[in-house]
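Please read the structure below before turning to the comments.
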Amino acid sequence: MRLAFSTLGVPGLPVPEVVALATAHGYHGVELRAHPEEPVHPGLGPAARADVAAEFKAADVEVLGIAGYARVAAPGEDGPVLDEVRGLLQLAHDVGAPFVRVFPGADPALPAAESDAIAARRLGTVAEDAAALGVRVLLETHDSHRTGAAAIRVLGPVGHRMAGALWDVMHTWLGGEQPAESFAALAPHLGYVQVKDIASAEDTAPLPLGAGTLPLSDCVEELSRHGWDGWLCWEYEKRWYETAAPLPGLLTAGRDHLARLLDESA
């Protein structure tokens, strides 16, 4: 498995400094948070996109994914949601990323089956755009669909190889799933895995990997046992928790912790 970190942990950091962190601390890739307050977002022009791609390529660091905020199960017209996802797909293509992250974001007031159908319809539509661009769109286990069981209610009916899943290990745990259950549900669709650590279900402030309660070793063991060889991406939510320790000082220890888990699972 290869290791990456998300720029959610280094809010607003310029791309050259992000790349420098990856190379200095031994990470193979970076997930780029796509938001207007970040250096990389859908409003970026063609020349700037080319510069981002060149910066990563020169350092031999991969852009793992574009972490967007489109909510594919949200109520309302399809058009704006489809346009948002298509913009993320084009950005990913232009900077050389193989994945785009989207959220479910269903309205809890609607019946689950209705929200599932909305999300499946939209993902099925943009999957064709994704295929044309060579980028997979991944539904993250998050908010209204935080478990693997919930995610496959959407992805199963879509049935398109370019519409997959992003396994956020915190959300499946908060949803009451064991890692084996999550992997069994998501495996046919799995794009990559987001790892993190927290103190408890009541205190989700980010901690260094291994310092909290999330079953990271069980997750890695499950992936290894089934021969999965994709990406582990550390999503350290510094943007939402300003008092959390700065990520740069934790990156080497985090890499070493994941490497130990991988060695033990092997």
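Condition check ((1) under 14 Å from VAL30 (Cβ atoms); (2) over 16 Å from the mean Cα position of the chain (by Cα); (3) open to solvent by 10 Å² or more (accessible area, probe 1.4 Å)) across all residues:
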position	(1), (2), (3)
ALA53	yes, yes, yes
VAL63	yes, no, no
ALA67	yes, no, no
ALA70	no, no, no
ALA74	no, yes, yes
GLU77	no, yes, yes
PRO80	no, yes, yes
ASP83	no, yes, yes
ALA97	yes, no, no
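Among the residues that make up the range 33-43, is at least one of them over 17 Å from LYS196 (Cα atoms) and in a strand (DSSP E or B)? Looking through the range 33-43, none of the residues is over 17 Å from LYS196 (Cα atoms) and in a strand (DSSP E or B). In the range 13-45, what residues are open to solvent by 40 Å² or more (accessible area, probe 1.4 Å) and in contact with an Asp or Glu (Cβ under 7 Å, 6 or more places away or on another chain)? PRO16, HIS28, listed by residue number. The set of residues in the range 215-266 that are polar (S, T, N, Q) and either farther than 22 Å from LEU64 by Cα or touching a Cys at 6+ places or on another chain (Cβ under 9 Å) (or both) comprises SER217, THR243, SER265.
If you go through the range 112-120 one residue at a time, do you hit one that is open to solvent by less than 60 Å² (accessible area, probe 1.4 Å), touching a helix residue (DSSP H, G or I) at 6+ places or on another chain (Cβ under 7 Å) and among the β-branched types (Val, Ile, Thr)?
Narrowing the range 112-120 to residues open to solvent by less than 60 Å² (accessible area, probe 1.4 Å): 112, 115-120.
The next check asks that each one be touching a helix residue (DSSP H, G or I) at 6+ places or on another chain (Cβ under 7 Å); those that pass are 116, 119-120.
Adding the requirement that they be among the β-branched types (Val, Ile, Thr) leaves none.
Within the range 112-120, none of the residues are open to solvent by less than 60 Å² (accessible area, probe 1.4 Å), touching a helix residue (DSSP H, G or I) at 6+ places or on another chain (Cβ under 7 Å) and among the β-branched types (Val, Ile, Thr).
Before we move on, is THR172 of a type in the set (Ser, Thr, Tyr), in contact (Cβ under 8 Å) with a residue 12 or more places away in the chain and open to solvent by 20 Å² or more (accessible area, probe 1.4 Å)? Explain how you work it out, then say what you get.
On the way: of a type in the set (Ser, Thr, Tyr): yes; in contact (Cβ under 8 Å) with a residue 12 or more places away in the chain: yes; open to solvent by 20 Å² or more (accessible area, probe 1.4 Å): no.
So THR172 does not fit the description; no.
Flag not set for THR252, criterion: at pLDDT 95 or above, loosely packed, with under 14 Cβ neighbours inside 10 Å and within 27 Å of PRO36 (Cα to Cα).
The values are calculated or read from the model by the stated rules, or taken from the named source; none is laboratory data. Because the structure is a prediction, the values reported are computed rather than measured. Please note: Cβ atoms are built from the backbone with ideal geometry, for glycine as well, and neighbour counts cover all protein chains shown. These accessible areas exclude ligands, DNA and RNA; they are computed on the full protein's heavy atoms, side chains included. Shrake-Rupley method; radii C 1.70, N 1.55, O 1.52, S 1.80 Å.
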